[in-house]
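Colleague: The structure that follows is given in the form of structure tokens.
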Amino acid sequence: MWDTRQGGQPQEGAAWAALRGLRRRGDLLALAMLVNLGLLYLCQTVVAWGVVWLLRRVGAGAGLVELANELYTLVVYLAVFLPPYLLYARVCRLPLGQLPAARPYLPVLAAGLGVTMGMSASAFLPGQAMNLFFSFFGLYPMDMPLALPGNPVAAVLFVVNLVLLPALVEELIFRGIVLESLRPWGDGFAVGVSALLFALLHRNTAQFPNALFMGLALGYFVVQTGSLWTGVCIHMANNAFILALSVPSQWMGPLGQLAVQGFQIGCYGMAGIVGVWYLWRRGLDLRLPASGCPLRQRTCFAEYLARPSTLVLLAAFLLVFFQNFSR
């Protein structure tokens, strides 16, 4: 199932109308993301402080604290992270029922998973180069270890919050609502912008290169297969693999953790090679569908990135990135 359907197309010869539409869509999207960022910041400061105060007041033990943390993460994903984009979709008149939801063809889905993992592996060197650059200024990305909670219920919720929930919510937002809302201006533009915003929402330089590369691959395969479920399944499988490798490594020393990281990069690289080989052997047209937009793709990117609303959004994320460095 290699769906090559076109996205929505502006009327022929309506370049100015397409430009105005792009500007309005970009402003709305920037507003949704700024609201999202503000709500997340509020939850991680004022609300989080209130939850910690309450737990201390009732004398909560370690198990209850772990359970409260996972429940809090679940609520933030569903009640804080998702609503701004649902409102954005409503304002843009994008019915969620019309998001691409064809059943993925399993061999192509597996190949897409391999290519996406390969893209993740290829982000390792750019990520290390970025970390090295910032280290010259005494800035280091915060360590974000994955530790399985000791409370059994909290451990189950931990797996849900790490594997299932991000795959469903983030794919609905970025490969569903955001990407689909931008497809009238070209699939390449929609994939690129949705990947950039997806990477920014990770809010730290440690994850940015990997999230950007994976976002490009996920958007590409969602468009090519005509199925949002392709992105959900790939995202979920990737998160599960990371969890399977990361949890045991928490009991290892630095050398063991380095070996696990090398094993992950090797597996991801091999998976990428196999995925590309399979798609090539099937003789599929790997190009994105041609855009019916009267504007050139580079014009769309330039116009979007130069919008005052987008520049404010980028500045806000740069500030967040800076705050998430350890010094």
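The values are calculated or read from the model by the stated rules, or taken from the named source; none is laboratory data. Treat the numbers as computed from the prediction; the structure is a model and nothing was measured. Areas reflect the complete protein model, heavy atoms only, side chains present, ligands, DNA and RNA absent. Shrake-Rupley method; radii C 1.70, N 1.55, O 1.52, S 1.80 Å.
Colleague: Any idea how far the Cα center of the stretch 34-110 sits from the one of the stretch 178-209, in Å?
Modeller: Centre-to-centre (Cα) distance: 19 Å.
Colleague: Give a residue-ordered list of calculated ³J(HN,Hα) values for the stretch 154-164 (Karplus: 6.51 cos²θ - 1.76 cosθ + 1.60, θ = phi - 60°; whole Hz; x for Gly, Pro).
Modeller: So the Karplus estimates, Gly and Pro as x, are 5, 5, 5, 5, 4, 5, 4, 5, 9, 9, 7 Hz.
Colleague: Let me cross-check PHE174: its accessible surface, 1.4 Å probe, with only protein heavy atoms counted, in Å² to the nearest 10?
Modeller: Number for this one is 0 Å².
Colleague: Let me ask you something else. Can you put PHE241, PHE198 in order of accessible area, largest first, using a 1.4 Å probe?
Modeller: On the way: PHE241 60, PHE198 10 Å².
Greatest to least solvent exposure: PHE241, PHE198.
Colleague: Convert each backbone phi in the stretch 59-64 into a coupling constant with the Karplus relation 6.51 cos²θ - 1.76 cosθ + 1.60 (shift: θ = phi - 60°), then list the ³J(HN,Hα) values in order as whole Hz, x for Gly and Pro.
Modeller: My calculation for the stretch 59-64 gives x, 5, x, 4, x, 5 Hz in order.
Colleague: Please find, in a Gaussian network model of the chain (springs between Cα atoms separated by less than 10 Å), the residue of THR310, THR225, THR45 whose mean-square fluctuation is greatest.
Modeller: Ranking THR310, THR225, THR45 by mean-square fluctuation puts THR45 first.
Colleague: Sort ASP285, ASP187 by heavy-atom solvent-accessible area, probe 1.4 angstrom, most to least.
Modeller: ASP285, ASP187
Colleague: Leaving out ligands, DNA and RNA but keeping every protein chain, what accessible area does MET119 have, in Å² rounded to the nearest 10, with a 1.4 Å probe?
Modeller: Number for this one is 60 Å².
Colleague: In Å², what does the accessible area per residue of the chain work out to with a 1.4 Å probe? Kindly include the intermediate steps, with their values, before the conclusion.
Modeller: Details: 16600 Å² over 327 residues.
Here the per-residue accessible area is 51 Å².
Colleague: Further, regarding this structure: Just the accessible area for LEU258, please: 1.4 Å probe, Å², rounded to the nearest 10?
Modeller: About 110 Å², ignoring ligands and nucleic acids.
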